[in-house]
Structures are given as C-alpha cells and as structure tokens.
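Below is one structure, written out as structure tokens, with a few remarks after it.
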Amino acid sequence: MLKRFFSYYKPYKALFTLDFSAAIVVATLELAFPIMVQQVVDNILPTGDWSLIVIVSLGLLGIYALNTFLHFIVTYYGHVLGTNIETDMRQDLYNHIQKQSFSYFDNRETGKLITRLTSDLFEIAEVAHHGPEDIFITLFTLTGAFLLMLSVHVQLAIMTFVLVPFIAIALAFFNKRMTNVNTRIYDDLAGFSAGIEASVGGVRVVQAFSNEEYEQERFNQLNVAYRKSKYLFYKMMAVSHSYNYFLMRLITLFALFFGAYYTIQGEISYGDLVAFILFANVFVRPIEKVNTMIESYPKGIAGFKRLLEELGLKSEVKNSPNAIKVESLKGDIEYSNVTFSYEEHQPILEDINLSITAGETIAFVGPSGAGKTTICNLLPRFYDIDEGSITIDGYSIKDVTLDSLREQIGVVQQDVFLFPGTIKENILYGKLDATDEEVHNAVKMANLVDVVSKLPRGLETVIGERGVKLSGGQKQRLSIARMFLKNPPILILDEATSALDTETEQAIQEALDSLSKGRTTLIIAHRLATIKNADRIVVVSAKGIEEEGSHDELIATNGAYKSLYDAQFS
C-alpha cells in the first residue's frame, strides 16, 4: 500500500523536495532558540554587555523571519502538493469507473460512487502533504532535542524520556482503532449519500405517492447512523488527546522538578536549566502533532484503502492484448452458439444463433425478460458473453478495440439520458467536433426544427437536470438528432417509441425510419405495429429464438408471433 501511495509523488518530486527541505530547516531552527537562551543566561548576562545582547536578539529575529518565510512555503506548497496528489487519485478513480462494464454499475449505487470520488479522497490530501513530513520532522525533532538534552545532563534527559514509550504505545493503539472507526464512517457516509441521491433524484415519484414522511424517516435513520459513527470517532479522539496531553505535561513537569534538583545540587547551571526546559518544550511539540496525526491519518488511510479496493476491481469487459482498431464496418453480424448469464449458473440466453446481413432491419419481439435487450447489449460489449462468439464483418467483437467497436454502433433507448446543459451540447455528444451546419442538419433530420424554433433560446436553451424541461417526445427526438450526428453503420433501437402518444410516435417513427436507411438496424419492440415493415422479425422467448421471418410469414405460420399479434390487436 505504501509503495502505491508514494507512486503518486513521482510527478511532483520538485514540489515535494521544496516542501520537505523547508520543513527540515524549520525543525532545525526551532532547536536554535534554546541554545541561544542558554548562552545568554550563562555567558552574556554575567558580563552585562548590552550591545552583545542586542546583537544576539537581532540574530534571533533574523532566524524567526527566515522561519516565517519557510512556514509559508511548507503551508502553501505542501498543500498544493497534497491537492495535486488528491486530484490525480480522483482522476485515476474516475477513469477506472468509466472503463467498467454495465455489470459493475448494476451492483452499485450512484451515491456511493460519488462518495468515493469526493469525501473519501479529501483527507488523503492532508496525509499526502503532512504524512512523510510529519513523520520525519517528529523523529528528527525528538532525536535532536533529546541529544541536546543529553548534552546538558544525561540522567535528567533519561528521566524525561522515560515517558515517551507510553505515548508511542498510545499512538499505535489509537491509530488502529480510529482507522477502523473511519472505515465505518465512510461506509455510513456512502449509504447516506446514496440515500440522498435516490430521494432527491426521485422527488417527483416521492411526491406523487405522498411518501415524504417515509423518505424523511428513512433519511433520519441514515443521518442518525452517520452521527453515531462520528460520535465514536470523536470519543476515541478525545481519549487520545487527553491521554497524550497528560503525558506531555508530565514531561515538562519532570524536566522542571528534576532539573531544579540538579541545579540545587550544582550539577547544572541556571542557563542549563532554562535551556533544558525549553528543549523539553521543543521535545513535546512533535508529540503534540501526534494528536493531529491520530485524528487525520486514519481518515486518509481508510480513504486510500477504499481507493485501492476500487482500483483493484478489474473490468469484466476490456480490450484483448491484440485488439485491432477498425475504421469502418458494413454491419454483417453473426451470433454463434451464444450463451450469457448475469448471475452465475442462471443463463438468460443459451445457444443463440442468428445471422444479420448488412443493411437489414431486424426486429426483436417477445415477452419481457426473454432476453431481447440482452442480445442487443452484447453486440457493443456492454456485457461479455460466457460462451460462443459474435462477429461483425468477420471480426470477433473481442478482437476489436472497445472504442472503435462502439463508434460503429449507435443506441437509441426508451429512457433517454440527457446531460445538464443546452440542447446543442446534448446533440454534440454524438460528435464532439461537429460543425454548426452538421448540428442543424441533424436537427432537421430528427424532426426537431419546430421544437427548437419555439424555445426561448433555440439550440442554446438550457434543458435542466436530465432534460426535465422537455417532453418525452422532445427528449427522444433530441437523442435521434444526436445519433444522426454520430452516423454509425449499425443502429440499436431499444423500445424507442413505446412510451409516447400516437401522434408523437408517428413523428418520431418517421425520424427513426430516416435514421435506419442504409444501416444495419436492430429494433427491440413491444408494439408490433411499429415493426411490421422490418425485413425480419425474431421472436425471443425463454426457449431462445423461437421463430423468425417477415411479418406476413410469421402470421401465416400461426405460431408464437401470431399469438403475440392477436393478443395485442384482438
């Protein structure tokens, strides 16, 4: 874990060196003050030479000015270093999430993923900044102060140092306990965030069912669980702080008590006593940092462990070592003995065989849950098949890079997802570098011109979260315009008109018919009237592909399709 953590420092070696070097000089200069005081008390005061005292004071002022400047470097550039590392970790995690297959998101809540991208990484920045620096400076200052204390009086230094092992034991104990508590806090916070995301995102459903009180109670339970975890953390922190505070004050008391004894005995001078007490204060200062370390480090460690757990999850769908990039495909598709299951030993599809010719329009019909959408989702490798093979133009889809494969396939879904922003920005998602002329052509082809012309700012109209300001039909036309811009040779239409009224459906069907021309098109449909003109209709049931043919052929066979048709139009 440490090796992985320190790998994030590599791009910022110069920044780390600046911060670390400044911190070392700061710690070294802190030790200079007691030495100067000792010299003043023992050697300069007895002479009564005021000019020498002024010179020494000015020297100390210069040291403090230098230390002030170095403190600025440590504070600012140290936090810049931590923020850079946090940013890189967040980017790595985001990139990792973007590469995951659909099955990854099937088993995770959006709110929990957001928590891992945000709050989990906040404390890591502090650890990245203070971690190596605090540990080194603590050891350096402890060692330096102790050696200087030994130079004053060996027995007195040992009597003072005897309490340090008790602080070290406390550090190890509380650090472990608080790391465990922080892991629990992050788990509770992830559930907390997921609950907020679900209730806020689904507020229209909540209000439609008048379930505000239920959601408030559910949120209250999450809120209380999070509060209890925080209580436990702060209780551990309070015990740790109190314990360390008492031991550190004992160190100062030991220095004063035994130092006074040895001074009375004549073994050390007054200057030595004052210097020793100041050394003892320098000695306990890094120990006081231990309290901050115990509070902050467990949070960072817990967050980094969760980051590594997430990054350690391998995507089920990834490029093969020898994957090739294809520039263009015609759309000849072949499913050969394809078997697939979402859960192990529970196959959704078994031994599926299907040939599709380039430019052909194939409609998939059948009962819900039979596997129509699954068959289509396997083509762009949203999921990977368990057995068999799928080829396009003779290329196995596993031998083609994911990017180039998905660039050749367009998907228009029933549940259209639109990003916050303008209509134009959402259309451009189909081709990010498209010209204004290409965008206007896509709008025209998708029968979206009338809609855009009636909006206050046309294409620059902001559509709200998930396109909340648009109707279902308008969203669907926007998604079709986006697909015209992408212009893929293979098209998947997943229940693209099933949730629309008849008039809107007709307008969108015309746009879809125009979009389908010259492309290999796979249509998933429940409304059989929309696919009567498909080149071939494939009936999918629990048995697999039960029958296939044109509308007239399947009606004539009086089989499964005829039963579905009669049930829908009886």
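Every number here is computed from the coordinates shown, using simple stated rules; none is lab data. None of the values given here were measured: they were computed from a predicted structure. Note that we place each Cβ from the backbone using ideal geometry, even for glycine, and neighbour counts take in every protein chain shown.
The alpha carbons of region 116-170 occupy a box of 53, 20, 8 Å along the principal axes, longest dimension given first. Which links in LYS235/LYS305; LYS112/LYS318; LYS10/LYS230; LYS431/LYS475; LYS112/LYS398; LYS112/LYS228 stretch past 26 Å when you go from one Cα to the other? Over 26 Å apart, Cα to Cα: LYS10/LYS230; LYS112/LYS398.
Within the chain, what percent of beta bridges assigned by DSSP are antiparallel, to the nearest 5? Please list the in-between numbers first.
Details: 20 of 39 bridges.
Around 50 percent of the beta bridges assigned by DSSP in the chain are antiparallel ones.
When shorter helices are ignored and each DSSP H run of at least 4 residues is given -39500 (n - 2.57), the per-residue value for the chain at 222 nm works out to -21000 deg cm²/dmol. Remark: region 242-259, residue by residue, has Karplus-estimated 3J(HN,Hα) of 5, 4, 5, 4, 4, 5, 5, 5, 5, 4, 5, 5, 4, 4, 5, 5, 6, x Hz, where x stands for each Gly or Pro and the curve is 6.51 cos²θ - 1.76 cosθ + 1.60 at θ = phi - 60°. Converting phi to 3J(HN,Hα) with the Karplus coefficients 6.51, -1.76 and 1.60 and the offset θ = phi - 60°, region 102-108 yields 4, 4, 4, 6, 4, 10, 9 Hz in sequence order, with x at every glycine or proline. With θ taken as phi - 60° and the Karplus curve 6.51 cos²θ - 1.76 cosθ + 1.60 applied, the whole-hertz 3J(HN,Hα) list for region 335-351 is 9, 10, 6, 7, 10, 8, 9, 6, 10, 4, 6, 10, x, 8, 10, 9, 6 Hz, x standing for glycine and proline.
Dipole size of region 26-177 about its Cα centre, with +1 on Lys/Arg Cβ and -1 on Asp/Glu Cβ: approximately 380 debye, rounded to the nearest 20. As a proxy for reagent exposure, HIS345, HIS241 were ordered by neighbouring Cβ count within 10 angstrom, fewest first; the result is HIS345, HIS241.
Axis of helix 119-152 versus longest Cα principal axis of the chain: the two differ by about 20°, to the nearest ten degrees. Hey, how much of the P(r) for the chain falls beyond 36 Å, as a percent of Cα pairs? Across the chain, Cα pairs with separations above 36 Å total 56 percent.
Overall, the ratio between the Cα radius of gyration of region 2-311 and 2.2 N^0.38 Å, rounded to two decimals, is 1.32.
Residues whose amide H comes within less than 5 Å of that of PHE364, counting only those at least five positions distant or on another chain, are ILE523, ILE524, ALA525, VAL538 (H built at 1.01 Å from N in the peptide plane).
Once you sort the root eigenvalues of the Cα gyration tensor of region 353-392 as a ≥ b ≥ c, which label holds: rounded (a/c under 1.5), prolate (a/b larger than b/c) or oblate (the other case)? Please list the in-between numbers first.
On the way: a/c = 1.81, a/b = 1.01, b/c = 1.79.
Because a/c hits 1.5 or more and a/b fails to exceed b/c, region 353-392 counts as oblate.
Principal-axis analysis of the Cα atoms of the chain puts helix 472-486 at an angle of about 80° to the longest axis.
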